[in-house]
Every structure is written in structure tokens, then in C-alpha cells.
1. Is it the case that C:Thr274 is among the β-branched types (Val, Ile, Thr), over 27 Å from C:Gly185 (Cβ atoms), in contact with a strand residue (DSSP E or B) (Cβ under 8 Å, 6 or more places away or on another chain) and within 14 Å of another protein chain (Cβ to nearest Cβ)?
2. Given the conditions (1) away from the ligand (no atom under 15 Å from the Cβ); (2) more than 17 Å from A:Ile145 (Cα to Cα), and given that A:Asp69 satisfies all but one, which numbered condition is not satisfied?
3. Please enumerate the residues belonging to the range A:21-45 that are within 16 Å of the ligand (Cβ to nearest atom) and farther than 19 Å from A:Gln91 by Cα.
4. For the range C:63-74, which residues satisfy the criterion of being over 23 Å from C:Tyr180 (Cβ atoms) and either more than 7 Å from chain B (Cβ to nearest Cβ) or surrounded by fewer than 21 Cβ atoms within 10 Å (Cβ to Cβ) (or both)?
5. Hey, could you check the range C:144-194 for residues that are farther than 21 Å from C:Glu207 by Cα and among the basic types (Lys, Arg) and say which is farthest from the chain's Cα centre (by Cα)?
6. All but one of (1) in contact with a helix residue (DSSP H, G or I) (Cβ under 9 Å, 6 or more places away or on another chain); (2) closer than 27 Å to C:Asp253 by Cβ hold for B:Asp127, so report the exception by its number.
7. As an exercise: evaluate B:Leu49 against (1) in a loop (DSSP other than H, G, I, E, B); (2) in contact with a strand residue (DSSP E or B) (Cβ under 9 Å, 6 or more places away or on another chain); (3) more than 24 Å from C:Leu240 (Cα to Cα) and give the number of the one condition it does not meet.
8. Can you tell me which of (1) part of a helix (DSSP H, G or I); (2) within 13 Å of the chain's Cα centre (by Cα) is the one B:Lys44 doesn't meet?
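Where a number appears in this text, it was derived from the coordinates with a stated rule and is not lab data. In this text, all values refer to a predicted model and were calculated from it rather than measured experimentally. Ideal geometry is used to build each Cβ from the backbone, glycine not excepted, and the neighbour counts take in all protein chains shown.
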Amino acid sequence: MGLEAKLTQDGFLTTKIDALLAWSRKSSVWPMPMGISCCAIEMMAVGGPKYDIARFGSEVMRFTPRQCDLMIVAGTVTYKMSHVVKKIYDQMPDPKWVIAMGACTSSGGMYRSYPVVQGIDQFLPVDIYLAGCPPRPDNLLNALIQIQEKIGRTKGRDFQNKPLSELNVIQNN
Amino acid sequence: MKEIILNQLNASLPNIQVETSEFKDELTIQVQKKDIVEVCKVLKNDSELKFIHCIDVTAIDWARRKDRFTVVYHLFSLKNKFQLVVKADVDESDCNIDTVSSVWRSANWHEREVYDMYGITFNFHPDLRRMYMPEEFEYHPLRKDFPVLGIPGSLPLPKK
Amino acid sequence: MEIADRDEVHPKIIEALLKTDAGLSSDDALENEMILNMGPQHPATHGVLRLVLRLDGETVIACVPELGYLHRGYEKMAENMSYYEFIPHTDRLDYLAPLCNNVAWVLAVEKLAGIQAPPRAQYIRMLISELSRIASHLIAVGSMAMDVGALTVFLWTIREREKILDIWDIICGARFTNSYTRIGGVANDMQPEAKAKVQWFINQFDENLEECEKLLNANRIFIDRLEGVGVISGEDALDLGLTGPSLRGSGVDYDIRRYQPYLFYNEMDFKIPTYTEGDCLARYFVRIDEMRESAKIVKQILDKIPQGDVQANQPKKVLPKKHEVYSKMEELIHDFMIVNFGINPPDGEVYHAVENPKGELGFYFVSKGEGHPWKCKIRSPSFNNLQSVPHLVKGYMVSDVVAIIGSIDPVMGEADK
Ligand code: SF4
């Protein structure tokens, strides 16, 4: 936003509440690392020193859903696990976003077999599908940036008493 | 090693039938289903054999054979550095076999897995529940008549 | 962690929980006992393990692990695909050390089909197994330290691990799920840059490992939380099917690299570290020592590795090189046959095991002479190691459960298959 530059010029700043809210929301996305299998290891690498998710304001990985607004589903979701994932998603406060990390969560991936859910969009609203098996850490960071862009376009009225899944945020703009 | 195993088995249990076969240096002995616990006890406790490490218990589904299933036990003797395979046939109409979890405690979960995947019941098992699939699931996935993609609707999904 | 309400824990689990003879008594069972659900989404359960604990105050008196949240139907899928097709799936078994699983799979298939890989390929396989072992133990040590409250170690071990992943990037072009081995050899030869990078890594590794160790070995909190916790005797450990570092922490020196040597391990000079205490701390020390030994093996391999081919010359069983497929008739036909119909090993059954970072990983095949196995059983170490959890946690505090799980280092990908 270039806050400092503006403030030194006039000493004040005009903006919309909407824009301010969206800006603060997008700059501190707290992910809920739903690490289920192999992709979770790459998600750990993103938190590690080489890729360092802290550069994007999201290093606060909380393992309790109640403090998070972005769920990264990393790993194969089986039918048995799907109920747990759904329950955790329901516990997250609105507004919330979901990244389906990896081929497994997006479409079942290489597991065309009886226990694996063929894509978590069958029971969760997904915002970003992330390709790769596993996606490289840079790719996950890219997804995070895209989610931030998406959050940056939200307005306060988007969240009025409606679950986010019913909103089409991008088209509202 | 083969002679020692057969000698010790015959000495302790004179009236059992044992067939042996070999493939790629692996010795397999086939015993009758009713003798399995006795045989395993000898294999584990005999001071010359000492098969104290039960690597694995699994089953094979032969689909169209008369004795449809074979239960396979992989054993290892640290003393002799020798690996042995023990097998027992189980028929579908009488789909059960005695548990060996009293001999090796590690067999407990392996047998639960076999029960889950093949539907073979292990008599006197301390805790025979499904290992992987949900308790409500009705089928046994590794049987040959179960499709890879599963049976639609047999596993519920949460509501959207 | 949350207090389970009875609707959610399946009645059969409760039954199993109450059935287990606790061996400890409380004065008034109704007042003191509680059933606690831990997992499947819990940071300390290393994935999706679920434990249902029966507590008396803060002491665990019984525990029932519940698996299957990551059951992906590997064995069923293996029955429906050729031996080559399954190689990428083995990456996802023990996903902390994918290359070890690749090696285990191809060794088992080679035993069944009677193929002998050339020496250079075997040395490369050994090299990648040992480096994977280091990578896996780094995570094990780091996450165990994180579980008991030392976050810095985790970041440092991840840093070391990233260096190994960079080596994979150079060797085979993928940093994590590698699928590098092939039946009868490895996919491509190791480049000189890769060798130089391995050399560089090994030279600086000891020093960096020592740094990590310094953070822990004199750390009062770390020692206090692990020493004397989760004790298991060697006899019990074998009886419960423990293998790998967890078994060697109890004084049994069972290591397949010694007991049934494969590849060229009988020519290598290394020790099998064992500790007799059998507690979490011993298991931690075994891992640290094993990393040192692995580094030693890698150094020897770098000295000894011969030049030569990396794929066996058996056209009917081993995939031909790509440029030959494009230019020669014969190779094109073989490629077509192998890809479409598989390698058709003879009738028979084999079991082949290797020493993985977590323990004994074995594959058992029943072949009927077709391109795909009639049955494939994966004997996974984590599955067996987890079986000892009820025994290990009994009588300890709830907070120790976390340390105990960390110390046996399960990977749910292979435990659930
Ligand atoms: S997408 Fe690939 S790496 Fe990720 S969980 Fe699925 S199999 Fe594992």
C-alpha cells in the first residue's frame, strides 16, 4: 500500500473500511495445516528455513481450527478421514478458504481405489486446486499469493450471514 | 536347516502332516489348519529353532480353488538367521483358523488385518475388530470378487 | 486433545479399551476414569494416527490405537497393475524416505524374476538408501524434539534435509517423490555433479549434526522428558514385532543389513548402534548414531563406486533406453511388450525385506506368471511398531504419550497402506 510514503506527505490517509479490512485480512492469513500424508512433508518444508512461509505473513500455523482462516488440505483424503476433515472445516470461523494441495485432494490423484475420495470438492468448497504430486513448495507459496489476491477483492457485505461457499467473490468485482 | 526343522517338528508332534517346498532359497512348510498353533509353538520355543520373530501374517485368495484361502506366516529365527514360511489352507465354507497371537503378540494386528481384508475369522482372538475399514463396512476388499473401485455407496461421505 | 463423547468413539473401541486389563487400580473407577480421544488430527500423532486413551487422573491405563484413516488400498491396486507401474506408488509408502522404498520394491521384484543389476547400479542404490536414511532420521529427531518443546532443532534438521533433497534434484530431477529405481537398475546414471554434491554434503554433515546434538544432549528439559519414559525390554520388543531403531534401542542388534545382507552391505564397514535402556532417549541416541554410520557408509561408497552400466542387459525384462526405443525395431517391441504386458516373472512366491529407516520393510509376492502380481503384501515397519504403543504408554502420563509416539516415529502412509 505504500503507507509510509503517503503518511509522510499529508499526514493522513483516506480509504474504505472494506479495503482496509480486506488488506489486513489478506496480509495475515493463518493456515490450518491439515497434514494427512506425503504432501504434509512438503508443507513442512514450506515452513522450514529454505522456503520460509513467514515472508508472506502466514508462518502462524495453528493446529486448532478455531484460530485459522485458511485450510490447507495436504494429503490423500479417504472416506474414513473425510468426516474428520469436514468436522474440522466446520469448526473454523467464517470467513474461511480452502487450498486443495496435491493431486490426491484435487481429484483422487493416482489412487483410483475403493477407500479414496475422488476429489475433496465432493464435500468441501475448494478455492484453489494445486497441481503436483506433491506440489513443490514454491507452488504452495504461489497458491498462497493467489488466495491473498482473492481475499484482497472481498468486501464486507460479502460475508453477511451467508456461508462463503455461496458467494462468488471474483464475479462481484 | 530344512532337516533340522522337520526333525524337531516330528520329534515334538509325531502325528502331523507337513509338506515342504522350496523356491528361490525360501523354505515353505504347509501344515493343516488344525495343527497351526501347535506347530507355531514348537517353532518358537524349540531351543534349536527359536523362530521368535513373526514377520508377517497374511492370506492369499486363490479365487477358484477348492480351498479358497491360504493363510501365510513369515517367521524369522535370529539365532539361525533363517527365514521360514508356514502355510495353512482355509476353505470358504469354514472360513476360520485358530489365532497364533498367543504365541507371538505381534500376530495380533496382522490377524486383524487379514480379517478385515479377507474375512477370515481367527478363533480365540483377543480383539478381533476391523483394522482399516470403518466398522460398518460390509465387504472384504482384498477378496478377488471385490472391485478396485469399490462398491458405490458402501462408504458414506459427509454432507456438503 | 478433547474429551471424547461416547457417540463419536465407536462402541467397539470402547469395549476393547475397557476389556484390556489395566493392571492398575483406582479406588473409585467411576470418579477417576476418563476416556480421551487423541487424533486423528493432532500435531503430535505424525499424521492421522488416532489413539483412544483411558485415563486415571493423568496416568494412562489403557490405550487403543485406531488406524485406517490413510488406508489407500495399495495391496488391491498392486494386484491390478504391473510391477513397473507400482514403483511410483512405493514413494508414497514411507514418504520420509521414498528412495528406500523404491529400492526395496525393485529388489523384491528382481529376486522373483531372477534379474541381477550391474554393480554400479547397486552402489547407487546403496548410496541413495543411506542418504534417505539420514533424511528420514533428521525429520524423526527434529519432530520428536519439537513434540517435547524444542522447536529450533526442527528448523535446523529441516535445513540439513533440504540439502539432501537438493541432491535428489540433481540425481533424478525430483526433490521428494523420486521413483528413481527401475527393475534391473536405476533410471539414469549419476552425474559427476551429483557425486561432488554428495561429497560436499557428507563433509559438512558431521559438524552440523553435532550442532543439533549440542542443543539437545545437554538440555535438561529434553533429557527429563525422555529418560525412563516408554521403557520396553528387548524380549517384549521382539515379541511385539518392533524393528529398526526402536528395537535396537532395546538392546537387540537385529538389522537386516547384517542378518540377511543385500546389495553390497557385507562389504561395507559399519557398526549397528544399540542401546540397552529401551526408553525414548535410547531410541533417540540410536537414530543419531545411525546417521553417523550412514554417513560413514556413504563415504565408503563414494570411494568404491565403480564405473559401468546402470541397467542390466536383459531385454525381455528391463526397459530399454529411450534413444534406442526411438531408433531400433527390437527395442521398440520390447518396450511395447514390457509397458503393456509387464515382465511376467515365473510362478512362485518370494518375500524380500530391506532395512528401512523405520525398520523392516518387506514385500511378499505371489506370482502366477502374469504381468501383475496375484498378491502383493507390504510388510510395513510402522504398522508393527505402532502395535507396541499400548504397551509403551501404559502407566505413563498423558504428556509422555507425545514423546513416545515421537520416539517410535511412525509414518502413517505405510502403517495404513
Ligand atoms: S498428491 Fe501425491 S504427494 Fe500429495 S498426498 Fe497425494 S500422493 Fe502424496
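1. no
2. It fails just one condition, (2).
3. Result: A:Ser37, A:Cys38, A:Cys39, A:Ala40, A:Ile41, A:Glu42, A:Met43, A:Met44, A:Ala45.
4. Selection gives C:Cys63, C:Val64, C:Pro65, C:Glu66, C:Tyr69, C:Leu70.
5. This residue is C:Arg182.
6. All conditions are met except number (2).
7. Going through (1) in a loop (DSSP other than H, G, I, E, B); (2) in contact with a strand residue (DSSP E or B) (Cβ under 9 Å, 6 or more places away or on another chain); (3) more than 24 Å from C:Leu240 (Cα to Cα) one by one, B:Leu49 breaks only (3).
8. (2)
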